[in-house]
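Comments concern the structure below.
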Amino acid sequence: MPAPTRSSQLFAEAKRYIPGGVNSPVRAFRGVGGEPFFVERANGAHLWDADGRELIDYVLTWGPAILGHAPRVVLDAIAATAAKGVSFGIPNPYEVEMAKLICEWVPSIEKVRMVNSGTEATMSCIRLARGFTGRSKIVKFEGCYHGHVDSLLVKAGSGALTHGTPDSAGVPQELADLTITLPYNDADAVRAVFAREGKEIAAVIVESVPANAGLYLPRPGYIELLRELCTQHDTVFIFDEVMTGFRLARGGYQQICGVKPDLTALGKVIGGGLPVGAFGGRREIMDQLSPDGPVYQAGTLSGNPLAMAAGLAQLRELDRVNGWAKLEELGAAFEDGTRSALKRAGKDYVFQRIGSMFCLYFMSGEVWNLADAYRSDKAAFGRYFHACLDAGVYFAPSQFEAGFLSLAHTPDDLAKTAEVVTRALAA
Ligand code: KE4
């Protein structure tokens with residue numbers, strides 16, 4: 001019996017005090033088997049676990065570490081700001097700077113409010129859309145995950161999918177009945193729902209690029225169709241850019257696809273690793289929020305100077321170095337490495353990528369929606385995940401998650417990863 005590792009000791013202790021031993025389910029490795037490692041420290045594209053093992057990190061705390069971990073500009077901003085106090089509960093100059101930056105970078109956002117997570121951002125969008133339209137029904141799509149919002153934990157993706165609970169317990173049927181869930185990329189299905197009950201639908205919410213069932217892309221014209229149907233029926237079109245915002249482009253995926261949503265949810269990258277979310281959009285909708293309007297929404301730590309300073313430092317650095325062009329180069333190089341590894345291993349698995357986000361499905365064919373993604377061989381993915389981890393490469397511990405690149409990933413990291421992937425695929 002090998003000596004227990006520090007991580008296994010920590011996990012045993014964690015399970016005594018924390019449900020499942022984790023503060024977020026996907027970290028428990030249930031999607032791949034085994035136990036999670038504990039991270040002691042992180043820097044750049046690398047993690048060091050509690051037993052001193054060094055890993056190349058393609059999870060990047062699920063997206064926020066876009067400059068890599070512990071970037072100097074963010075650490076300096078945190079230190080300088082913390083010295084003056086971390087939260088005041090009264091307006092501070094940083095939140096004005098952050099709001100101005102978001103409104104400048106994301107044209108569809110005329111006004112924005114800061115929150116503390118992606119979940120808070122999407123939850124607030126839903127309530128605001130219902131308050132603005134006076135309607136109750138919402139439309140979401142199978143496999144899309146928008147955080148643990150009651151109304152959106154219906155056929156959800158990410159950890160809910162990994163743990164087989166796409167419809168969470170604890171959500172009253174009366175509430176779930178107000179959520180219409182459709183297959184993604186199915187134009188006829190969404191046209192039919194709007195023909196039947198369009199005037200009762202408060203909002204359509206969609207992940208700009210669905211990346212919580214792996215990663216699949218909108219079919220040409222699909223996002224435009226959602227926009228058109230929402231416009232025709234006075235339905236609020238909500239773009240969940242928590243994962244893609246400030247990652248795929250300065251103005252998010254909406255800058256790439258050219259579709260203007262009515263509301264946008266943001267998170268992850270925006271906080272530089274600190275807890276930050278945001279939601280914003282058309283002025284006439286946002287002005288329905290308290291204290292100006294009747295839709296209540298609030299948060300003790302929303303816009304706190306420490307998180308704002310960290311997020312501003314990260315976003316400004318990303319802009320200063322035109323990080324998005326570099327991330328596309330890195331993504332293309334990573335794709336080349338993966339595709340040549342697949343070729344060497346004689347595997348025709350489906351690799352999908354947009355910018356610095358990617359997913360390798362253990363299946364052949366095409367993946368355009370959840371039903372396609374479900375065909376993946378999850379057991380084979382689990383073996384691959386552990387083979388890579390044992391060789392020092394950490395991918396997301398679930399087939400139903402996307403991987404990420406940062407500006408800190410070097411050509412050496414990518415070369416080593418390609419070797420590890422080749423061996424893991426061949427095993
Ligand atoms: P948070 O509440 O976890 O900050 O954001 C929720 C959320 C909303 N929208 C999208 C598109 C998201 O991807 C997320 C959260 N993403 C997952 C990873 N797929 C977070 C990881 C976790 O749950 O631990």
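The values are calculated or read from the model by the stated rules, or taken from the named source; none is laboratory data. Nothing here was measured: the structure is a model prediction, and the numbers come from that model. FYI the Cβ positions are ideal-geometry reconstructions off the backbone, even for glycines, and counts take in every protein chain you see. Surface accessibility is based on the protein's heavy atoms, side chains included, excluding ligands, DNA and RNA. Shrake-Rupley method; radii C 1.70, N 1.55, O 1.52, S 1.80 Å.
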Review point. What dipole magnitude, in Debye to the nearest 20, does the chain give about its Cα centre under +1 on Lys/Arg Cβ and -1 on Asp/Glu Cβ?
Key: 240 debye
Check your understanding: segment 336-391: Rg/Rh from Cα coordinates, Kirkwood Rh?
Key -> 0.96
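Can you tally the net charge around A333? Count Lys and Arg as +1, Asp and Glu as -1, for every other residue whose Cβ sits under 12 Å from the Cβ of A333.
Details: positive: K326, R339, R353; negative: E328, E329, E335, D336, D412, D413.
Its environment carries a net charge of -3.
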**Study point:** Difference of contour (0.36 nm per residue) and Cα-Cα distance, K15 to K326
**Key:** 107.9 nm
Practice item. Give the peptides 222-232, 204-214 in descending order of average Cβ contacts within 10 Å, highest first. Key: 204-214, 222-232
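Beyond 23 Å, what share of the Cα-Cα pairs of segment 145-265 remains, rounded to the nearest whole percent? Mind dumping the intermediate values first?
Working: 2183 of 7260 pairs.
It works out to 30 percent of all Cα pairs.
Can you give the calculated 222 nm mean residue ellipticity of the chain, where each DSSP H run of n ≥ 4 adds -39,500 (n - 2.57) and the sum is split over every residue, rounded to the nearest 500 deg cm²/dmol? It would help to have the intermediate numbers written out before the result.
Working: 15 runs with 165 residues, N = 427.
Calculated at 222 nm, the ellipticity per residue is -11500 deg cm²/dmol.
Report in % the part of the accessible area of the chain that belongs to carbon and sulfur, leaving out ligands and nucleic acids; probe 1.4 Å. Numbers along the way, then the final one.
Working: 9370 of 17530 Å².
Of the solvent-accessible surface of the chain, carbon and sulfur hold 53 percent.
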Study note, to complete from the structure: Rounded to whole angstrom, the alpha-carbon centroid of segment 6-39 lies from that of segment 381-417 at a distance of 19 Å
Practice item. Restricting things to alpha carbons, tell me how big segment 72-320 is in terms of Rg and Dmax, in Å. Key: 17.7, 57
Exercise for review: On a C-alpha basis, how far is the centre of segment 173-200 from the centre of segment 358-374 in Å? Whole number, if you could?
Suggested key: 24 Å
Check your understanding: Of T244, V190, L60, whose Cα points farthest to the positive end of the dipole of the chain (charges on the beta-carbon: +1 Lys, Arg; -1 Asp, Glu; origin at the Cα centre)?
Key -> L60
Review point. Which value, to two decimals, describes the C-alpha radius of gyration of the chain once divided by 2.2 N^0.38 Å?
Key: 0.96
Revision key, fill the gap. With 0.36 nm assigned to each residue of separation and the Cα-Cα distance removed, K343 to E54 gains 101.3 nm
Review point. What ³J(HN,Hα) values, in whole Hz, does the Karplus curve 6.51 cos²θ - 1.76 cosθ + 1.60 give for segment 382-388 when θ = phi - 60°, with x put for Gly and Pro?
Key: x, 5, 5, 4, 6, 5, 5
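For the chain, what does the accessible surface come to per residue with a 1.4 Å probe? Please give it in Å². Spell out each step's value before the answer.
Values: 17530 Å² over 427 residues.
It amounts to 41 Å² per residue over the chain.
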Practice item. Per residue, how big is the convex hull around the C-alpha atoms of segment 272-427? Give it to me in cubic angstrom, could you? Key: 172 Å³
Revision key, fill the gap. Contour minus Cα-Cα span, L175 to A427, at 0.36 nm per residue, comes to 86.0 nm
Check your understanding: How big is the Cα convex hull of segment 93-188 in projection, averaged over all directions, in nm²?
Key -> 8.1 nm²
Exercise for review: Using the Cα centre as the reference, give the magnitude of the dipole from point charges on the C-beta atoms of segment 72-320 (Lys, Arg: +1; Asp, Glu: -1; all else neutral), rounded to the nearest 20 debye.
Suggested key: 380 debye
